[in-house]
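Before any comments, here is the structure.
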Amino acid sequence: MTTTPTPAELTAEQWKRRALRAEGAMRHALWMSPLTYNNETAAEMAKRFRLHIEATYPDLIVRYNHQPVEVFKYADDCDCVDDGTESDGSNEYDNDHSMDGEDGYLCSRSFLGRVCGYCKDEEGDGPEWAPYSVLWPCPPVTALNALTDTAVLRSEMSTPASSALEG
């Protein structure tokens, strides 16, 4: 029995293709050196590398930009009970409520979901716990995940239409 992957799941073949493409990008990065005849600066070399990656592996750029961000409840809003210390002297409550958020401590027991760190919902139609965010996987990542054939991926990524994936 085979199951169809959900939008967030990838098949083994898709993971393999992503790993090989990332390995190719890394191999190029390790191979690069500054253009000595041109007295290339580090910033110029980085720009040249970025242009190569954008031209050769635009899907990696899209995936890098559209990474998931985990969202948790604030410790003040969670339903956890502070039982005091455990028999070994540790305090489970403190361990689960010590991640410092922007506006206070977060509860690692109260996971709300994942949102895209890049996409924004201007109308505020996102999830109730993050209305101006887009649930992850967002549309650009979902579109990349839907590409299953290597030839399709190659043709999709080498056309001007790939800019539509940027979201």
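The values are calculated or read from the model by the stated rules, or taken from the named source; none is laboratory data. Small disclaimer: the values here were computed from a predicted structure and weren't measured. Methodologically, a virtual Cβ is constructed for each residue, glycine included, from the backbone with ideal geometry; neighbour enumeration extends over all protein chains shown. Side chains included, ligands, DNA and RNA excluded: accessible areas come from the protein's heavy atoms. Shrake-Rupley method; radii C 1.70, N 1.55, O 1.52, S 1.80 Å.
For beta carbons closer than 6 Å, sequence separation of 6+ or different chains, a first residue in region 13-41 that is open to solvent by 50 Å² or more (accessible area, probe 1.4 Å) and a second that is in a loop (DSSP other than H, G, I, E, B) and of a type in the set (Asp, Glu), the qualifying pairs are Pro34/Glu40.
Scanning region 116-128 for residues that are surrounded by 14 or more Cβ atoms within 10 Å (Cβ to Cβ) and over 22 Å from Tyr64 (Cβ atoms) yields one hit, Pro127. Checking each residue in region 78-89 for being on the phi < 0 side of the Ramachandran plot and either assigned to a helix (DSSP H, G or I) or modelled with pLDDT of 55 or more (or both) picks out Cys78, Asp79, Cys80, Val81, Asp82, Asp83. Asp100 meets all of the listed conditions (1) outside any loop (DSSP other than H, G, I, E, B); (2) modelled with pLDDT of 80 or more but one, namely (2).
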